[in-house]
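Enquirer: To start, I am sharing the structure in question, which I have written as structure tokens.
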Amino acid sequence: MLTPDETARWSRQIRLPQIGADGQEKLAAAKVAIVGLGGLGCPAALYLAAAGIGTLGLIDDDVVDPSNLHRQVLYRESDVGQPKVVVAWQQIRGLNSQLRLMEHALRLTAANAMFLLADYDLVIDGSDNFPTRYAVNDACVILKKPNVYGSVLQFEGRASVFAPGHGPCYRCLYPSPPPTGAIPGCADAGVLGALPGMIGSIQAGEAIKLICGIGDPLIGRLLMLDMLAMTTEQIQIPRNPNCAVCGDHPTITQPVEYADSCIPLPVGLAGEDYDLDDRMTPRIARRRLAAGERLMVLDVREPFEAAIASVPQAKLIPLGDLPQRADSELGHLRDNEIAVLCHHGIRSASAVEWLRSHGFKRAKNIDGGIDRWSLEADPSIPRY
Amino acid sequence: MAITVKFFANYRDLMGQSEIAIDTAPELSVADIYTQVLGSKARPELRRVTMFAVNEQYVPADTLVHDGDRVAFIPPVSGG
């Protein structure tokens, strides 16, 4: 039963006939896990805490970075360097002192996903990488818990509800993760700060609907929001009976671990220098340039990025222009080694794949991009 | 037949626009349309993970396209 104070506090929500005191009590009894306290997790956590959710689990292993502040609205300048779960906990506790907050200052992986999510009723996926998204999806399907999905990139946001037994799961849409480098993340492609605010709020709203059992959740529908055109569309997605995890004869019975596409280093090579057929470390590239070798360095970032930080010997052709410009500007280098550079090594991996499939057989990635170049090979290059 | 092709995420960067209207031969599948529209910009590693929709309905790549259809290329996005 709600106390008079509680009834007063949530009166604007209780007044909604679909929610009422009954719904408010369901919210107070609910346990929600939020995976990732970034652009999506921040608004989702705030709105769920404000709505009177009983227990919130905050899962994130990251610390606040200045580049987070344009979209991750729980953090202030003075929080830079602090663990996100700690700062989020302080902020949210001030908003709702009755809330039971569980801090999990670790990265959700395939190995710990089942254990971490087992005690929660519902999961908000606000993660920022494919390995975590697949671990969340697999664990939710196996544990039969609804997974409220959101993702953002540039001006495009997506949301859906993957409810085991009622509709498709993430693997029905995308059976397996893309290869490293095929899909850029926010660090490489950018995102407008208000966009995750919208999508994270949609995720909070869908969670509240599911908990109260009201309305039509986004089950079997992928909502796509285009913020530039300010249009939405919904793709109808059926459950795939052959899905490896939620299909009629599942072959995946435990969450699958994928290599972290954010750190595209071959296992065993992290921290060591290498110069292989298809990849090299920035330190080797710099050493070979310094020794006077005529190593072709191709920078596939955008001009504004090169203006911030660049390698003097590099030739700039933005990734999107490569198909048009490769023949005329690189055609004479088909038999030469071409070392491809970007910000973090993701776009350049795409460029390498494209170049190799178009006759540039000796294209290779500079792993970790100019950011790692600055960290490991030449601190005079600014980081951004 | 006249169809509209809508691009999402990477495909917008790749194609420089969010949709195009094209006139094609009849009896083409979504995969055929993909090959025709992407041309030299085709990237096999992206194609492998692309979800396709026709008229806002998820479809397999071998689905036949009809006059007036809206075909969408939807790669996965992981940002948060």
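Enquirer: Just tell me how shielded A:187-194 is by partners: mean number of partner chain Cβ atoms within 10 Å of each residue's Cβ, no decimals.
Expert: Working: counts 1, 1, 5, 1, 2, 0, 0, 0.
Per residue, the number of nearby Cβ atoms from other chains is 1 on average.
Enquirer: With a/c under 1.5 counting as rounded, go ahead and sort the range B:2-74 into rounded, prolate or oblate using the C-alpha gyration tensor (a ≥ b ≥ c being the square roots of the eigenvalues; past the cut-off, prolate if a/b is larger than b/c, else oblate). Please report the intermediate quantities before stating the final value.
Expert: Values: a/c = 1.44, a/b = 1.31, b/c = 1.10.
Note, shape of the range B:2-74 comes out rounded.
Enquirer: Put +1 on the Cβ of each Lys and Arg and -1 on the Cβ of each Asp and Glu in the range A:4-236; which of A:Q91, A:P184, A:Q203 then has its Cα farthest toward the positive end of the dipole?
Expert: Highest projection toward the positive end goes to A:Q203.
Enquirer: Normalised by the number of residues in chain A, what is the relative contact order in percent for Cα pairs under 8 Å and 6+ residues apart? Don't skip to the answer; put the middle values down first.
Expert: Details: 774 pairs, mean separation 52.0, N = 384.
14 percent.
Enquirer: At a Förster radius of 30 Å, what calculated FRET efficiency corresponds to the Cβ-Cβ distance of A:E293 and A:L228, to the nearest 0.05? Let's see the in-between values first.
Expert: Working: r = 44 Å, r/R0 = 1.46.
Efficiency computed from Cβ-Cβ geometry: 0.10.
Enquirer: A further question on this structure: To the nearest whole number, what is the average tally of beta carbon atoms from other chains within 10 Å of the beta carbons of peptide B:45-56? Display every interim value, and only then the final one.
Expert: Working: counts 11, 7, 1, 5, 9, 3, 7, 1, 7, 1, 2, 7.
That works out to 5 on average.
Enquirer: Next up: Which of rounded, prolate or oblate describes the range A:144-253 when judged by the alpha-carbon gyration tensor and an a/c cut-off of 1.5? Could you put the intermediate results ahead of the total?
Expert: Details: a/c = 2.13, a/b = 1.23, b/c = 1.73.
In terms of gyration-tensor shape, oblate.
Enquirer: Hey, got the average number of other protein chain Cβ atoms within 10 angstrom for residues in A:149-157? Please report the intermediate quantities before stating the final value.
Expert: Values: counts 0, 2, 6, 4, 9, 6, 2, 7, 2.
If you average over the peptide's residues, the count of other-chain Cβ atoms is 4.
Enquirer: Sticking with this structure for a sec: Choose one of A:G23, A:A349, A:N112: the residue whose Cα lies farthest towards the positive end of the charge dipole of chain A (beta-carbon charges +1 Lys, Arg; -1 Asp, Glu; about the Cα centre).
Expert: Result: A:G23, furthest along the dipole toward the positive end.
Enquirer: Past 31 Å, Cα to Cα: identify those pairs from A:K84/A:K364; A:K315/B:K6; A:K84/A:K315; A:K84/A:K145, in the order given. If you can, show how the numbers build up before the last one.
Expert: On the way: A:K84/A:K364 36 Å; A:K315/B:K6 33 Å; A:K84/A:K315 38 Å; A:K84/A:K145 25 Å.
Exceeds cut-off: A:K84/A:K364; A:K315/B:K6; A:K84/A:K315.
Enquirer: If you take the square roots of the eigenvalues of the alpha-carbon gyration tensor of the protein assembly as shown and sort them as a ≥ b ≥ c, do you get rounded (a/c under 1.5), prolate (a/b over b/c) or oblate?
Expert: Details: a/c = 2.12, a/b = 1.40, b/c = 1.51.
Oblate, since a/c reaches 1.5 and b/c is not below a/b.
Enquirer: Which peptide among A:324-334, A:130-140, A:44-54, A:189-199 comes first, and what is the full order, when sorted by highest mean count of other Cβ atoms within 10 Å?
Expert: Numbers: A:324-334: 14.2, A:130-140: 26.8, A:44-54: 23.2, A:189-199: 20.1.
Highest to lowest by the protection proxy: A:130-140, A:44-54, A:189-199, A:324-334.
Enquirer: So for the pair A:R362, A:N112, with labels modelled 7 Å out along Cα→Cβ, what separation do we get in nm?
Expert: Result for the modelled spin labels: 4.5 nm.
Only the coordinates and a few stated rules stand behind these numbers; no lab work does. No experiment lies behind these values; they were computed from the predicted model shown. Heads up, the Cβs are rebuilt from the backbone with ideal geometry, glycines too, and the neighbour counts pull from every protein chain shown.
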